[in-house]
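Below is one structure, written out as structure tokens; the observations come after it.
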Amino acid sequence: MKTAVVLGTRPEIIKMSPVIRELERRQEDYFILHTGQHYSYNLDRVFFEQLKLPQSKYNLEVGSGSHAEQTGRILIGVEKVLLDENPDIVLVEGDTNSVLAGALAATKLCVKVGHVEAGMRSYDRSMPEEINRILTDHCSDYLFASTEKAKRILLGEGVPENKIFVTGSTIVDALFQNLEIAKSSPDFEPRTLNLEPKNYLLATLHRQENVDNKHRFASILEGLERVVDEFRLPIIYPIHPRSRKMIGRFGLKPKNLNLIEPLSFLGFLQLENNARLILTDSGGVQQEACIMRVPCVTLRDNTEWVETLEVGSNILAGSSPDKIVGCTRLMLDSQSNWTNPFGNGQAGQRIVVALLEERASGFAC
Ligand code: UD1
Ligand code: UDP
């Protein structure tokens with residue numbers, strides 16, 4: 001079975017790493033096609049190095065641009081590579097422009113598509129990620145759902161049951177495979193950032209709907225500043241370049257927030273694991289907080305990771321400063337005794353096994 005693993009951004013590299021490891025372990029025929037959507041060292045290369053992933057065979061170097069420009073360039077580039085390589089299957093994971101364009105290019109060539117993290121829905125179509133998820137699910141042949149709930153969503157949208165595989169989430173695999181390594185790396189101690197374990201808060205914020213809107217971004221930053229004042233806990237915020245750019249463009253001046261460059265995965269895992277609480281709009285970080293039993297306040301009006309709300313690890317605060325402070329107070333008082341709903345760290349293996357079985361019964365178009 002020849003597999004093309006298409007990825008392009010920080011979360012895709014991290015979450016696809018367990019699948020890549022499994023393909024390596026089985027000495028399967030595969031290659032990595034990097035779209036180049038993320039290209040800064042600390043959003044891209046650092047993860048290949050730290051997770052010891054093989055080099056991408058191709059990098060399309062599409063870079064940044066409008067949605068149409070970026071998606072269009074990826075479509076054109078992926079199609080060329082697929083025509084040359086003729087793989088049996090293209091694997092994509094998540095909801096970025098790289099995912100949608102990779103899946104679309106493949107399905108138009110009658111190459112089978114496997115979508116990892118299928119069936120997630122925020123039911124907010126103003127988010128580019130929601131459009132990407134829906135379209136990718138509906139052009140995929142194999143839908144790897146993280147949970148039974150995601151499977152039910154897909155069934156409700158008319159996806160045939162035999163295309164859906166509940167595997168758990170590969171982020172659990174990535175976390176289990178790396179947390180102990182992170183803990184035993186003294187370089188990554190929060191103390192090197194002058195933070196005391198369980199005595200600081202960690203924030204990330206980068207989603208388009210939050211940071212491309214001046215009023216909303218300013219309101220969330222005000223909420224974070226008020227959290228620092230109210231609870232006397234420092235906030236450390238490894239800032240995504242998109243958010244850094246928009247802070248400059250809008251002339252915002254966050255006060256009392258400790259802004260640092262984006263971190264490596266091991267460094268970030270350490271900071272998450274030792275945080276008293278996490279405030280975020282990231283999908284992956286909501287999950288990781290839940291798995292590590294660190295309470296989470298989500299700076300969005302909705303989430304596709306509803307399981308985190310159900311188990312009580314997460315709460316939706318939106319963008320109002322009052323609500324951000326109130327939700328932080330609630331979550332600081334929470335018990336952190338929930339059970340991780342995203343599986344046991346075997347998702348990468350399950351995905352590869354499912355594909356090999358499908359291959360054995362003939363991948364017909
Ligand atoms: C993308 C995904 C988002 C995901 C995020 C993960 C889409 C529509 N969005 O958002 O779902 O949560 O990745 O981090 O696919 N930039 C750099 N260096 C880079 C990449 C980007 O400086 O390596 C800056 C550029 O100014 C660029 C901006 O970040 O314009 C946004 O990058 P882009 O790839 O368009 O979207 P993300 O915000 O990263
Ligand atoms: N992450 C990281 N360094 C950072 C911030 C995040 O390694 O400074 C990791 C985090 O552990 C998670 C992933 O990036 O695995 C989440 O990616 P991001 O928030 O960019 O995207 P999203 O999940 O929202 O699509």
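Some notes on this structure:
- Among residues of segment 12-43, those that are within 16 Å of ligand 1 (Cβ to nearest atom) and out of contact with any strand residue (DSSP E or B) (no Cβ under 8 Å at 6 or more places or on another chain), counted: 9
- One residue stands out in segment 215-269 among those that are small (G, A, S) and free of Cβ contacts under 8 Å to residues at least 60 places away in the same chain: the one that is farthest from ligand 2 (Cβ to nearest atom), namely G251.
For (1) loosely packed, with under 14 Cβ neighbours inside 10 Å; (2) over 20 Å from the mean Cα position of the chain (by Cα); (3) among the basic types (K, R), each residue gets a yes or a no:
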residue	(1), (2), (3)
S126	yes, no, no
E130	no, no, no
S169	no, no, no
L195	no, yes, no
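- Of all residues in segment 23-58, those being in contact (Cβ under 8 Å) with a residue 24 or more places away in the chain and open to solvent by 70 Å² or more (accessible area, probe 1.4 Å) number 5.
- Within segment 239-263, considering residues that are in a loop (DSSP other than H, G, I, E, B) and within 14 Å of ligand 1 (Cβ to nearest atom), the one surrounded by the fewest Cβ atoms within 10 Å (Cβ to Cβ): E261
- Annotation: of all residues in segment 197-214 being more than 15 Å from F268 (Cβ to Cβ) and open to solvent by less than 30 Å² (accessible area, probe 1.4 Å), the one that is nearest to ligand 2 (Cβ to nearest atom) is R207.
- Residue that is nearest to G223 (Cα to Cα), among those in segment 272-299 that are within 11 Å of ligand 2 (Cβ to nearest atom) and charged (D, E, K, R): D281
- Pairs linking a residue in segment 277-288 that is more than 14 Å from S122 (Cα to Cα) and more than 14 Å from ligand 1 (Cβ to nearest atom) to a residue that is hydrophobic (A, V, I, L, M, F, W, C) and part of a strand (DSSP E or B), with Cβ atoms under 6 Å and 6 or more positions apart or on different chains, are L277/L201; I278/L202; I278/C296; L279/A203; L279/V297.
- When F47, F31 are screened for being modelled with pLDDT of 95 or more and more than 17 Å from the chain's Cα centre (by Cα), only F31 passes.
- Odd one out for S319, checked against (1) touching a His at 6+ places or on another chain (Cβ under 9 Å); (2) within 22 Å of V172 (Cα to Cα): (2)
- Given (1) among the aliphatic types (A, V, I, L, M); (2) assigned to a helix (DSSP H, G or I); (3) more than 16 Å from ligand 2 (Cβ to nearest atom); (4) over 23 Å from E24 (Cβ atoms), index of the condition L100 fails: (3)
- If you go through segment 59-112 and pick out every residue that is under 25 Å from E304 (Cβ atoms), more than 10 Å from ligand 1 (Cβ to nearest atom) and free of Cβ contacts under 8 Å to residues at least 12 places away in the same chain, you end up with 1.
- When N199, N194 are screened for being free of Cβ contacts under 8 Å to residues at least 12 places away in the same chain, more than 23 Å from I14 (Cα to Cα) and among the polar types (S, T, N, Q), only N194 passes.
The values are calculated or read from the model by the stated rules, or taken from the named source; none is laboratory data. Everything numeric in this text was worked out from a predicted model, so none of it was measured. With ideal geometry, Cβ positions are generated from the backbone for all residues, glycine too; neighbour counts draw on all protein chains shown. Quick note on the areas: whole protein, heavy atoms, side chains included, nothing else; ligands and nucleic acids left out. Shrake-Rupley method; radii C 1.70, N 1.55, O 1.52, S 1.80 Å.
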